[in-house]
Each structure stands twice: as structure tokens, then as C-alpha cells.
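I have placed the structure first, in the form of C-alpha cells, so that the comments after it can refer back to it.
The values are calculated or read from the model by the stated rules, or taken from the named source; none is laboratory data. What you are looking at is a predicted structure, and each value in this text was computed from that prediction instead of being measured. Cβ coordinates were reconstructed from backbone atoms using ideal geometry, including for glycine residues, and neighbour counts include every protein chain displayed. Surface accessibility is based on the protein's heavy atoms, side chains included, excluding ligands, DNA and RNA. Shrake-Rupley method; radii C 1.70, N 1.55, O 1.52, S 1.80 Å.
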Amino acid sequence: MSAGADVVVVGAGIIGLSAAWRLAQRGASVTVVDPAPGSGASTVAAGMLAPVTEARIGEEPLLRLNHASLTRWPAFAAELEEASGRRIGFRTDGTLMVGLDADDRAALDDLASRHRAMGLEVEPLRGREARRLEPGLAPGVRAGLLAADERSVDPAAVVAALEVAAAGAGVALVRAPVARLVLSPAGDRATGVALGPPAPYGEGTGPGAPAAGDGRELAAGTVLLAAGARSGFVPGLPDHVRPPVRPVRGEVVTLRQPTDDPLVTRTLRGIVHGSTIYLVPRDDGRVVVGATQEERGWDTRPTAGGTYELLRDALSLVPGLDDAELVGVRAGLRPGSPDHLPIIGWTALDGLAVATGHFRNGILLTPVTAEAVAALLSGEPGPDEVRPCDPRRFAGGPVATGTVGS
Ligand code: GLY
């Protein structure tokens with residue numbers, strides 16, 4: 001084994017990198033291990049910072065946590081841009097929700113009354129008022145709801161900035177797969193990770209090829225699992241501390257609109273003949289259209305059907321996008337948890353902590369998660385809103401089939 005770091009983080013997505021950055025800022029020696037940093041859900045996500053329009057009745061602890069993180073985002077964004085010297089596309093335009101036909105309008109009215117019941121601030125708008133805010137909307141749009149405090153960010157830019165900021169704070173990044181969690185001889189403590197074997201000669205090279213490990217073991221005082229949907233599938237992880245996460249697929253289409261005369265100027269969420277859709281604009285003209293939500297294992301191939309549905313509904317809502325450049329289609333795996341709350345903190349196994357299960361809110365929850373991990377791993381309580389996310393609320397045990405990397 002190597003001499004060891006204070007913390008080894010498994011997973012270089014937005015959660016793993018931000019936690020590593022915050023831990024290093026407190027003086028911890030941190031190594032992050034990932035065969036392909038930023039290749040998971042983090043960089044597929046549209047980047048809505050949307051506690052209001054993602055709120056569901058009965059999920060009040062999640063709502064409080066989401067709000068706690070939204071309030072941290074402006075300072076987090078400014079600090080990250082300063083530390084990395086990179087822009088991360090933080091936008092403060094708010095979210096406009098709209099309904100297209102009469103049934104969609106009724107669904108929007110129902111949503112507005114649920115928002116009021118939860119004490120959330122949304123401003124009801126007539127169709128005409130919604131179109132005045134967003135002239136690209138279809139003439140048929142019947143009604144709108146404005147959530148003016150919501151924000152958005154470019155998650156791929158955040159991940160790239162976090163890599164720079166974390167490296168600047170002394171975090172080491174090892175581009176290799178984790179072969180297994182290493183336990184103490186008595187099996188009562190996590191003591192590090194073993195890296196995957198070297199690739200056979202001639203393999204594991206070329207653009208996009210995952211990096212291979214060299215079979216080394218990295219010792220650590222603490223192992224933090226932050227590998228998104230794969231966090232429960234690290235070989236060697238005892239069942240009683242396995243985080244019960246599952247992959248929930250989301251497909252997104254990226255378009256490009258003219259920057260001098262954009263059709264979409266703020267996050268739009270639509271109910272379109274009963275289906276839901278969102279369009280999130282970026283400063284460089286891209287518009288991310290999302291997202292499907294399906295449970296179909298580890299498959300991240302984009303599908304014709306998913307792409308068709310997203311484009312059909314996007315063009316019904318903003319017909320002028322008909323002419324937009326089609327930039328690409330991607331699918332990612334949200335880490336779903338049984339109660340839709342993330343799983344953050346110490347497990348029942350000494351030396352093992354987790355930060356996963358962020359489901360539809362991983363980008364939004366990044367600042368509060370990173371702060372909580374850094375506090376909890378330093379023996380401090382962490383923000384109050386994170387308490388319901390304790391991993392020990394689950395009994396443990398098998399959750400699904402699969403292995404990391406499969
Ligand atoms: N946060 C939006 C989504 O997961 O699709």
C-alpha cells in the first residue's frame with residue numbers, strides 16, 4: 001500500500017470533486033480516483049438550480065435542503081470562478097413554467113396551488129404575459145408561472161473548473177478504475193482502495209478510452225464514495241453499508257440558437273399535451289432540452305424515441321427552434337435513492353463515508369453537499385438541513401444487480 005492520503009474520494013463528478021476541494025481547503029490530503037473524470041451524470045445534467053419547480057408535496061426535507069444549497073450557490077460560483085480562473089455559466093434569469101393546451105393549463109393551476117400549499121413563491125401569468133417575457137413561446141401557450149429566484153449553471157464548465165480549483169488546493173487526481181474497497185484484516189474498517197489492473201498491451205489508449213490502473217492500493221484514513229449511481233457497486237463493499245442507489249436514466253438533446261437574437265432567454269419548463277419538458281439556455285447559444293426519466297439499468301445509449309419526444313415537445317413550445325442547429329444527444333444516469341433524499345455522511349463502517357443519491361438535484365445540491373462532507377469528515381456537525389440525509393437511515397442490504405463499470 002502507498003503511505004496514504006487522509007481521504008480517497010471514489011468518483012470525479014461534481015460531487016466528488018467539490019467535496020475534495022472543500023476537504024483540501026481545510027488542510028486534508030485528498031486523492032480522487034476515477035477512470036474518466038466528469039464522464040457521468042454531472043456533465044449530462046442541464047444545470048437547473050430549481051428548488052421551486054422541482055418541489056414535490058411530501059418531500060419537505062428535500063425542499064429545505066435544496067433551498068439551503070441554492071442560497072449557497074452565488075458565493076460558491078464566485079469562489080470557484082476566482083479559484084479556477086474559469087467561467088461556469090451561472091445565470092440568474094429565473095424559471096418560467098408554461099402550459100400549452102387547456103388540460104396543460106389545468107395541470108399548471110394545480111401545480112400553482114400545490115406550490116402555495118408548500119409556501120413557495122411563484123407568480124401566476126396569463127399566456128400573453130408569459131409570451132411578453134419569452135417572445136419565442138408558441139402563440140397557443142395558455143398560462144405561465146414565474147419562479148424568479150431560480151438559477152442555472154453549466155455543469156460541464158463547473159466540473160472543469162472544479163478540476164482546476166481542486167488541483168490548485170493540492171488534490172491529486174488518479175485516472176484509474178477502482179477494483180475494490182480495501183478493508184482492515186478484521187474487516188471492521190475501510191483502509192483504502194485497490195486500483196484496477198493495467199490495460200493489456202495496446203488497449204486502454206486513444207480518445208475516450210478509460211484509463212487503466214496499475215494494480216496499486218491507495219491507503220486512506222477515510223474513503224468517500226461519490227461515484228453517483230455506481231456508488232453502491234464498488235466491489236468489496238459490505239452489504240450493510242452499501243448505499244441503496246439505482247440508475248435513473250435521463251436523456252437530453254442540445255441545440256444551438258443564435259446568440260444575437262435568442263429564442264430562449266431563461267429556463268423554460270413546459271407541460272406540453274401532458275408531457276413535461278425543460279429548456280435551459282447557455283451563454284454561448286446552446287439550449288439543453290431535457291429530460292426523459294426511465295429505469296432501464298446501465299444503458300446510456302441515446303434512443304430515437306427519447307430524442308423524438310424531446311424535440312417534438314421543444315418545438316411545440318418554441319416553434320422557432322425548428323431552425324436551431326442540433327448539437328448532440330446524450331443520456332446519463334441519475335443516482336436515485338429510495339426516499340429521493342441524497343445519502344451524505346458516515347456509514348456504519350469505520351473509515352467509510354458516502355455522498356450520493358442526489359437523484360434530480362445533484363447540481364443544485366453541490367455546494368451544501370461539499371460543505372457537509374468537509375464538516376462531517378472533520379468531526380463537525382454540518383448544516384442542519386443535511387441531517388435527514390444520514391446514510392445510517394437505511395438498514396443496508398442488496399439493492400440491485402450490477403458492478404462498477406458494467
Ligand atoms: N433536474 C432535472 C432532471 O433530473 O432531469
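Of note:
- Criterion (open to solvent by less than 60 Å² (accessible area, probe 1.4 Å) and touching a residue at least 40 places away in the same chain (Cβ under 8 Å)) met by exactly one of ARG86, ARG142, ARG91: ARG91
- Against the conditions (1) closer than 26 Å to ALA375 by Cβ; (2) more than 19 Å from the chain's Cα centre (by Cα); (3) of a type in the set (A, V, I, L, M); (4) within 16 Å of the ligand (Cβ to nearest atom), MET97 satisfies every one except (1).
- Residue match in region 292-301 (condition: under 22 Å from the mean Cα position of the chain (by Cα), buried (at least 20 other Cβ atoms within 10 Å of the Cβ) and not in a loop (DSSP other than H, G, I, E, B)): no
- If the condition is being away from the ligand (no atom under 16 Å from the Cβ) and buried (at least 21 other Cβ atoms within 10 Å of the Cβ), then region 325-344 contributes ILE343, ILE344.
- Of all residues in region 32-55, those that are crowded, with 21+ Cβ neighbours inside 10 Å and either outside any loop (DSSP other than H, G, I, E, B) or more than 16 Å from the ligand (Cβ to nearest atom) (or both) total 9.
- Residue in region 94-108 that is among the polar types (S, T, N, Q), assigned to a helix (DSSP H, G or I), buried (at least 20 other Cβ atoms within 10 Å of the Cβ) and in contact (Cβ under 8 Å) with a residue 40 or more places away in the chain present: no
- Considering ARG286, ARG246, ARG230, ARG256, the condition of being at pLDDT 95 or above, open to solvent by 30 Å² or more (accessible area, probe 1.4 Å) and within 15 Å of the ligand (Cβ to nearest atom) is satisfied by ARG246 alone.
- Any hit, region 378-394, residues being open to solvent by 10 Å² or more (accessible area, probe 1.4 Å), within 16 Å of the ligand (Cβ to nearest atom) and touching a residue at least 40 places away in the same chain (Cβ under 8 Å): no
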